[in-house]
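To keep things clear, I will list the structure first and then write my remarks on it.
The values are calculated or read from the model by the stated rules, or taken from the named source; none is laboratory data. Here the structure is a predicted model, which means the values were calculated and not measured. Reconstructed Cβ throughout: ideal geometry from the backbone, glycine too, with neighbour counts over all protein chains shown.
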There are 2 protein chains.
Amino acid sequence: MSTTIDITEETSAVAKGKAPLIATTTYSDGSKGNIKTKGAAAATAATGYKKGIAIFDFLLRLGAIVAALAAAGTMGSSEQTLPFFTQFFQFRASYDDLPTFQFFVIAMSIVGGYLVLSLPFSIVLIIRPSAVAPKMLLVALDIVALTLNTAAGGAAAAVVYLAHNGNSSANWLAICQQFGDFCQKVSGAVVASFISAVALVFLVVLSGFALRRH
Amino acid sequence: MSTTIDITEETSAVAKGKAPLIATTTYSDGSKGNIKTKGAAAATAATGYKKGIAIFDFLLRLGAIVAALAAAGTMGSSEQTLPFFTQFFQFRASYDDLPTFQFFVIAMSIVGGYLVLSLPFSIVLIIRPSAVAPKMLLVALDIVALTLNTAAGGAAAAVVYLAHNGNSSANWLAICQQFGDFCQKVSGAVVASFISAVALVFLVVLSGFALRRH
């Protein structure tokens, strides 16, 4: 059994020279040599698509860094001292009175730190959009960061809710009536952590799309 | 320019007939026809690998269902009535006194329900390990379920911690001294939700491995 494939010099020249520039017109002449042209054009399109995703990934990552560090910073700096005091006691609220808020500060700092460290990998993916290894690494660690972020945000939100509303069954009184500024800062930090979580969800989904087409 | 590819009848017969059975020995004769053989053997190995992952995915999913539904059920049935009461008031604790626990029950029921509905897709992947579309769907929804599970678990854990330890700064007293049985059930539910979260993490990682080799 013998198969012969003829590739003329002319179509080879078209494939190498003009094809990526006028990709739609070269398909119409129907010679076999153009399968190569078509493949090259598709590869160029896929690379451009991945490069666009990589740039968007980088920008989204910058936004997530701002949100995560804002959450950690706002929570970390939240304290309020009431302007009245008794002889033995000064009324003061700080994030480290509540272990949940301490966890929140630590977790959001880790997420923010990870996101900063992930920027170089994101830049590598802009330069080389087809690299699979850094993409896999980023997706895996993004999911870990998303989980940590969600746990911290959910836990802090539960405590902030109690601080705002209290609970009559457990006889826990709302402390936000006294510590209004403290509660505002803490609530802001929780909102920032949710923004960072949403950004991380989009990052994971984007990376999924980028991996889908390799 | 002209290229000729010769494929002899003999190597073709080897490729079709014996090759998948004695894959290691056929590589050694070095003829060009064996490229096809090598590809077929590698594809068979990859399919077996994927089938193994799909079966493990199914078993892990069963475990996650048990954990998630146990978490929702335990929390949903947690209530305790103290054996003493005043003329106007009976001391009673239930999960729906605390909005966080209500959220926990709803979220864990959704996660459990999703996991049950995902079983048919997991079975499809055992039968056809190379199908990409159901795999992508499962990974995406697994990540959503993981996030929901983590948020519910984190929020409930924060409130359970307060119930056990109270908080002197906010003047919230520990209620577990009175409602011991209630607290034990609620803590058990939180632990079950963490087990389900760990199972979901492994499910996502496994699916990542399965998608890596397509």
For segment A:161-177, give me each residue that is farther than 13 Å from B:L98 by Cα and not hydrophobic (A, V, I, L, M, F, W, C). A:H164, A:Q177
Among the residues that make up segment A:171-182, is at least one of them crowded, with 21+ Cβ neighbours inside 10 Å and assigned to a helix (DSSP H, G or I)? yes
Looking at A:S118, is it surrounded by fewer than 16 Cβ atoms within 10 Å (Cβ to Cβ), over 17 Å from A:K185 (Cα atoms) and not β-branched (V, I, T)? no
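When the residues of segment A:183-214 are narrowed to those that are farther than 30 Å from B:S168 by Cα and β-branched (V, I, T), which ends up surrounded by the fewest Cβ atoms within 10 Å (Cβ to Cβ)? Steps first, answer last, please.
If we filter segment A:183-214 for residues that are farther than 30 Å from B:S168 by Cα, which is where we start, we get A:195-214.
Narrowing the set further to residues that are β-branched (V, I, T) leaves A:195, A:198, A:201, A:204-205.
Working: A:I195: 17, A:V198: 16, A:V201: 19, A:V204: 20, A:V205: 13.
This residue is A:V205.
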Taking only segment A:178-201 into account, find how many residues are within 12 Å of another protein chain (Cβ to nearest Cβ), modelled with pLDDT of 85 or more and farther than 28 Å from A:S118 by Cα. 3
Cβ pairs under 8 Å, 6+ apart, first in segment A:43-61 and closer than 19 Å to A:L141 by Cα, second not in a helix (DSSP H, G or I): A:I53/A:P129; A:A54/A:P129
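Please verify whether B:V204 is within 7 Å of chain A (Cβ to nearest Cβ), of a type in the set (A, V, I, L, M, F, W, C) and within 20 Å of B:L62 (Cβ to Cβ), treating the condition exactly as stated.
Values: within 7 Å of chain A (Cβ to nearest Cβ): yes; of a type in the set (A, V, I, L, M, F, W, C): yes; within 20 Å of B:L62 (Cβ to Cβ): yes.
For B:V204, the condition - within 7 Å of chain A (Cβ to nearest Cβ), of a type in the set (A, V, I, L, M, F, W, C) and within 20 Å of B:L62 (Cβ to Cβ) - is met.
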Those residues of segment A:85-105 which are assigned to a loop (DSSP other than H, G, I, E, B) and modelled with pLDDT of 80 or more amount to A:L98
Some residue of segment B:96-109 being closer than 30 Å to B:A46 by Cα and among the aromatic types (F, W, Y): no
Looking at (1) surrounded by fewer than 23 Cβ atoms within 10 Å (Cβ to Cβ); (2) away from chain A (no Cβ under 12 Å); (3) over 30 Å from B:L82 (Cα atoms), which is the only condition B:L137 fails? (2)
Pairs with Cβ under 7 Å, 6+ apart, first in segment B:151-177 and facing chain A (nearest Cβ under 7 Å), second part of a loop (DSSP other than H, G, I, E, B) and crowded, with 24+ Cβ neighbours inside 10 Å: B:V159/B:L98; B:N167/A:L98
Between a residue in segment B:186-213 that is aliphatic (A, V, I, L, M) and any residue that is not in a helix (DSSP H, G or I), which pairs come within a Cβ distance under 6 Å, given they are 6 or more apart or on different chains? B:V186/B:S78
Exactly one condition in (1) surrounded by fewer than 21 Cβ atoms within 10 Å (Cβ to Cβ); (2) at pLDDT below 90; (3) of a type outside the set (D, E, K, R) is false for B:I127; which is it? (2)
